[in-house]
1. Classify the stretch C:26-69 as rounded, prolate or oblate from the Cα gyration tensor: take a ≥ b ≥ c as the square roots of its eigenvalues, call it rounded if a/c is under 1.5, otherwise prolate when a/b beats b/c and oblate if not.
2. With a 1.4 Å probe on protein heavy atoms only, work out how much accessible surface B and C bury together, total over both chains, in Å² to the nearest 100.
3. Evaluate peptide C:44-56: per residue, the Cβ atoms of other protein chains within 10 Å of its Cβ; return the mean as an integer.
4. When the Cα centres of the stretch C:217-245 and the stretch C:34-99 are compared, how far apart do they sit, in Å?
5. Sorted by average packing, counted as other Cβ atoms within 10 angstrom per residue and highest first, what order do A:5-15, C:130-140, B:59-69, C:252-262 take?
6. With charges only on Cβ, +1 for K and R and -1 for D and E, what is the dipole size of the protein assembly as shown about its Cα centre, in debye, rounded to 20?
7. When the accessible area of each residue in the stretch C:176-197 is compared between its chain alone and the complete protein assembly (1.4 Å probe; ligands, DNA and RNA ignored), which residues differ by at least 10 Å², being lower in the assembly?
8. Which FRET efficiency value, to the nearest 0.05, is calculated for B:Arg54 and C:Asp76 with the Förster distance at 51 angstrom and r the Cβ-Cβ distance?
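The values are calculated or read from the model by the stated rules, or taken from the named source; none is laboratory data. Quantities reported herein were computed from a predicted structural model and do not represent experimental measurements. Cβ placement follows ideal geometry from the backbone for every residue including glycine, while neighbour counts extend to all protein chains displayed. Surface accessibility is based on the protein's heavy atoms, side chains included, excluding ligands, DNA and RNA. Shrake-Rupley method; radii C 1.70, N 1.55, O 1.52, S 1.80 Å.
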Amino acid sequence: MLKTTGVPDKALILTRFPDDVILGKPKAITECYEPIPCNPCETSCPFEAITVGEDINTPPKVDFDKCTGCGICVYNCPGLAIIVAQLKNDKAYFKIPYEFIPMPEVGETVHAINRAGEIIGEAKIEKVTLRKKQDKTALIDVSTNTELIHEFVTIRRMR
Amino acid sequence: MRIKEHPILDFKETKKLHFMYNGKQVYGFEGDTIASALHALGIKTLRHSIELKRPRGFYCAIGNCASCNMIVDGTPNVRTCITPLKEGMQVETQKDKGVYNETR
Amino acid sequence: MKHVDLLIIGGGPSGLAAAKMAAESGVSSLIIERDTKVGGQLVKQTHMFFGSEKQYAKTRGINIAEILINDCKEHDDKISYMTETTVVGLYPDYVVTVMDRNHKYSKIKANTILVATGASEKVLAFENNDLPGIYGAGAVQTLMNVHGVLPGQDVVMVGSGNIGLIVSYQLMQAGVNVKRVIEAASVIGGYKVHASKLKRLGVEITTNMTVKSAQGNGALESIVVQKLDDDWQFIPGTEEEISVDALCISVGLSPLSNLLSMVGCEMKYVSALGGNVPVIDHSHETTVPNIFVAGDVCGVEEASSAIVEGYYVGLIIGNRLGKTHPHYERLIQDFTQQLDNLRSGPFGEKTRSGLAQLRGEQHA
């Protein structure tokens, strides 16, 4: 599916998620499934939680013990292929990269979007971070229903 | 149509440059090529093909394919995709191979 | 006649990188660029680059252009430029003829020449493929990201290689509606992370499909797309009309190697490298002594590789002219390793097989 539509299969997606207990804390989900020559996730992580290794074509591997879910890799990934996910207080929380204008506002209700680009529910904008060092890729904190933990990937503003 | 806001790029408004397009006064901005200025005005046909006189616009935007050649200040075959727009330029649609003007 | 030590044809990533390394070695160079400024196609690349830190990964292409240009500025005494100047001839006596911005012709002689002319976008054959409104995808990227002008409102992208996928995303960022990305092959050509990025924006990517014809009165108004079978044959009855005011063609690049043919370099057609490329040795020297090549002109690849090749060849040319870089051995080894690393994955397979074919080697 990924090869023909750009949408990874559910089974493939699950290989990148830790279990729900570990997801009690925010963790990086690296959706970089094929070997491409790239390693900024590894070099940008201040906790040495992501490993690519000598051959930069190796897909990244996350050490969930070390990952703090800070989100630095999210805006440093050239493929915008990393999100941070967390299950907390009966809600699913995410940090996602965002490169469109206008930026959503804190408190705004937006569409929750899955990997096929379909609307799967609603989400709420919790925080919008765009510092100079992020180089125009905003980091958006968003919350939605826990059932969407493996489905949600981005937002779309309601117009 | 010109981009006003962009998530990555900052397009600052530059100096307006007036020029003549097929005898009509129009304008673009400093930093434009002739082709980008015309495109912003909605003008996509820049020349006609030599044999069949089919309308042609630009294709490569690197000065390679000759699809955007126009007559500029009397000189034919000017690659408008890499030629900066200047105030007062006379730009005309080219409809033939171009005529060499010895007096220039 | 002007006489220079090193003449660099093309001020893109590899030309600039070579000028820097040559300057560090003590060699002066003249860069000739037909566009209004140097930087090549990096000046429109608004996305973050892949690779590792050494190739400026996670930096946007537009900013990599600035880095390379500023690096060259630090060698202002050694690097000079002629912009809006086109090289129209390259001759065996190491003379090039150029046409400047005032359409005046002149000649320049050089001891060594680096041809770093890059590549141009291929065209695709279909009915009315010359209608205004049909562009190379890279041309649209220039129009939009350099000049801030939109190509249209509704676009279809033909080709799902990295350029097709990236430009589609950038069209969406500029507020253009990308109706679909179509791909003639049975799988997506570019990095899947780019494809996934588009897909979650709601852009459909259809494989086994190509454009059959274009329609419009004076300018593009609609296209007909059609499904292909695995033998690239049209499947009857699968035609579909899509109304668009712009169509982007992103079906690969061809090396701009005609100056090399002109000067008599031995050429070889290597499909995996994009077309007609010069036969070169490991120092990137062509069969005409002292004429070197770097970047897409000797094999179409990512810009990251073009930069590293430029650095590598800049060092070699310095050495050839008797001015060896103080860290020559270490840097040659480093750049060789970087290129191997960039080409080592499955996406580098095409380049690896192409280079093997070019060198007449067996490829595993």
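1. It comes out oblate by the Cα gyration axes.
2. 3100
3. Average per residue, whole number: 5.
4. The stretch C:217-245 and the stretch C:34-99 have Cα centres spaced 38 Å from each other.
5. Ranked from most to least packed, the peptides come out as C:130-140, B:59-69, C:252-262, A:5-15.
6. Roughly 1240 debye for the protein assembly as shown.
7. Buried on complex formation: C:Ser186, C:Val187, C:Ile188, C:Tyr191, C:Lys192, C:Val193, C:Ser196, C:Lys197.
8. The value I calculate is 0.60.
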